[in-house]
Amino acid sequence: MTASPFPILIIVVPLISAFLIILLGWLKKNLCYPFMVAALAVSALSSLAILQEVIHHGILHYHLGNWDPPWGIEYVIDPLNAFVLVIVSVISLLIAIASKKMVEREFPHKVVFFYCLFLLQVTGLLGIVVTGDVFNLYVFLEIASLAGYALIAIGEDGAPFASFNYMIYGTIGACFYLLSVGYLYIVTGSLNMADLSRLLPDLYSSKVVLMAFAFFVVGVAIKMALFPLHVWLPDAYTYAPSSVTSLVAPLTTKVGAYVLIRIMYTVFEPNFSKVAIPAATILSWVAFFAILFGCILALGQKDLKRMLVYVLIAEVGYIALGVGLGNRNGLTGAILHIMNDALMMACLFLIVGAITYKGWPRQIDRFIGLHKKMPVTMAAFVISALSVIGIPPACGFFSKWYLVLGAIDAKQWLFVAVLLVSSLLNAILFFRVIERAYFEPGANERNVQPVKNKAKFIWDEAPLSMLIPTVLLAAGILSVGLLSGTIISEVIQFALPASF
Amino acid sequence: MMIGFYAMIGKNNLVKKLIGMNIFQTSIILFFISTGSKKGATIPIVADGHGVVHRTIEAIQYMNPLPHVLMLTAIVVMVSTFGVALALLLMIYRRYQTLEEDEILALRRK
């Protein structure tokens, strides 16, 4: 079998370059940054190539070391993987480009190690997505998390403590996952996802399988910070350096959501997850509270970054809700929202990074007149804010639309209500910021006449290397919104499990 | 397993939490290893396998080696987690001069 080399390239290139970067750092520090961008560009390009190939030729298999599937580790890429792969690799490339200035400002002497960890983190995330083996998934999960702990700990004052808490929770999550892998291995004797899904249906009545499923869902829910298990997230992401938050926040939770979809609907059959035990129903109720509490807690925050973190929790709730609804529209919405949310959150956190880079405080009530200083950044902020609220041309609208449709299909009117209410709450949240930045006249500018004001347009933008990714992401939000019909019919439709 | 889990959640001292984490992980490793064992089986090495005409190997005579292999990887993961955790604790201690969770929280609030 002539396998396409892309599935392995996408992992190996960032992994190896992570270690080469340390060597390069000894020789010449300036080379590290272009080297990292090149490595990530390779994996982004190969992920696009994979997407093309999967769309045209169907599912890709790559057997590591030429061992055949149930024994060897296999990388399987179907439309769902390919889709998530493109999201992860492209966004991490953009963030990598943007991170240069932030890193050099925030911790100049640790640049080399930062890039190394950054690449390891991306490797872990990509590996989680690409693999078709449950134990291999655990290993990649830990690579990603370990790099994440270290990256977060670089940050400001509270960071090491927050990171330690994250680590305790993350390890509990990972251990639960490992335990469930153990249970599955006991009853089936296999670790391959395709093999498992073939063997499991006969065993659905077994208590061990139920245990495995329960441990699995709780473990992944901790990793993706679903509401009652989100305690580690706000501190960890708030205190992390902004370059790290903009990588970790949009991607880690999304990859967790991907794992949830993968196991609930590929390894286990949808019927099992929905009918045999009411897991899906419980999940959607949990998501219900996640959305509500995420939004309400966000309302109480004065710090922009912290507010966004709570919005993120609510967004994770949306995805979990779509997964929990478990019908065609709901799941389409969830998968689409994985992409949209990754774009929006990456954009928003980059903007926070840009604002702090320019020396502004993160307190929302001190943003007065910000749009005059940083017009482009604030325009991008408005676009992504509109998208989070869910206003049509931006992409957030479409995934919410599908989620609402899914909730209507499931005849769960409360879920419809919570989706709409959370949109309103988001609107309040973001318009509070926009109002401060755009409409409230600055205290010292009140005396200046309006005509003169235009001449005094002080251009104090973030550096280009941060501005371009931000603008690209904002443009991405709009274009994905406009193209969402095509994306659904070309990719997501095939990504759904066959029984829908 | 429960001991470790309790220590991770209930203990106030961060080092104790870390030890709890270790107990938890070790217990999972033992759990995996136990799944591989069989009564009356020996280590999975075919003694005269090399160069001899291929014989049928009776799987019941050998323990399942796969969980051991998996746990080797898990041990590596565990050790590296432990290392990162210790480094973090060091950073925390340098900053706050204490490792009790409530004292750190009190310091942070100031």
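The values are calculated or read from the model by the stated rules, or taken from the named source; none is laboratory data. Computed from a predicted model, the values in this text were never measured in an experiment. Please note: Cβ atoms are built from the backbone with ideal geometry, for glycine as well, and neighbour counts cover all protein chains shown.
List of remarks:
- Residue within segment A:478-487 that is loosely packed, with under 12 Cβ neighbours inside 10 Å, under 28 Å from residue A:95 (Cα atoms) and at pLDDT below 80 present: yes
- Residue B:105 vs. criteria within 24 Å of residue B:18 (Cα to Cα), modelled with pLDDT under 80, surrounded by fewer than 16 Cβ atoms within 10 Å (Cβ to Cβ) and within 11 Å of another protein chain (Cβ to nearest Cβ): yes
- Among the residues of segment A:185-206, none qualifies, meaning not one is at pLDDT below 85, within 29 Å of residue A:293 (Cβ to Cβ), crowded, with 22+ Cβ neighbours inside 10 Å and not aliphatic (A, V, I, L, M).
- Residue within segment A:259-269 that is among the acidic types (Asp, Glu), under 26 Å from residue A:127 (Cα atoms) and outside any helix (DSSP H, G or I) present: yes
- Against the criterion of being farther than 30 Å from residue A:239 by Cα, among the aromatic types (Phe, Trp, Tyr), at pLDDT 80 or above and assigned to a helix (DSSP H, G or I), residue B:82 does not qualify.
- Matching residues in segment B:68-97 - criterion: being touching a helix residue (DSSP H, G or I) at 6+ places or on another chain (Cβ under 7 Å), more than 11 Å from chain A (Cβ to nearest Cβ) and over 18 Å from residue B:24 (Cβ atoms): B:68
- Extreme residue, surrounded by the fewest Cβ atoms within 10 Å (Cβ to Cβ), among residues of segment A:207-226 that are farther than 30 Å from residue A:294 by Cβ and among the aliphatic types (A, V, I, L, M): A:208
- Scanning segment A:286-302 for residues that are buried (at least 17 other Cβ atoms within 10 Å of the Cβ) and in a helix (DSSP H, G or I) turns up A:286, A:287, A:288, A:290, A:291, A:292, A:293, A:294, A:295, A:297, A:298.
- Elements of type helices (runs of 4 or more DSSP H) in segment A:85-204, at least 3 residues being within 14 Å of chain B (Cβ to nearest Cβ): A:111-130, A:134-153, A:159-188
- Selection status of residue A:308, part of a helix (DSSP H, G or I), closer than 14 Å to residue A:257 by Cβ and in contact (Cβ under 8 Å) with a residue 12 or more places away in the chain: no
- Conditions (1) within 23 Å of residue A:426 (Cβ to Cβ); (2) in contact (Cβ under 8 Å) with a residue 60 or more places away in the chain: number failed by residue A:243: (1)
- Segment B:5-61: number of residues that are closer than 30 Å to residue A:169 by Cβ and either surrounded by 11 or more Cβ atoms within 10 Å (Cβ to Cβ) or at pLDDT 75 or above (or both): 31
- Among the residues examined, residue A:496 qualifies as closer than 23 Å to residue A:80 by Cα, surrounded by 13 or more Cβ atoms within 10 Å (Cβ to Cβ) and at pLDDT 65 or above.
- Selection count, segment A:205-214, where residues are part of a helix (DSSP H, G or I) and not aliphatic (A, V, I, L, M): 2
- Filtered residues of segment A:9-40 (kept if buried (at least 16 other Cβ atoms within 10 Å of the Cβ) and farther than 15 Å from residue A:120 by Cα): A:24, A:25
- Identity of the residue in segment A:28-47, at pLDDT below 80 and hydrophobic (A, V, I, L, M, F, W, C), that ends up nearest to residue A:108 (Cα to Cα): A:32
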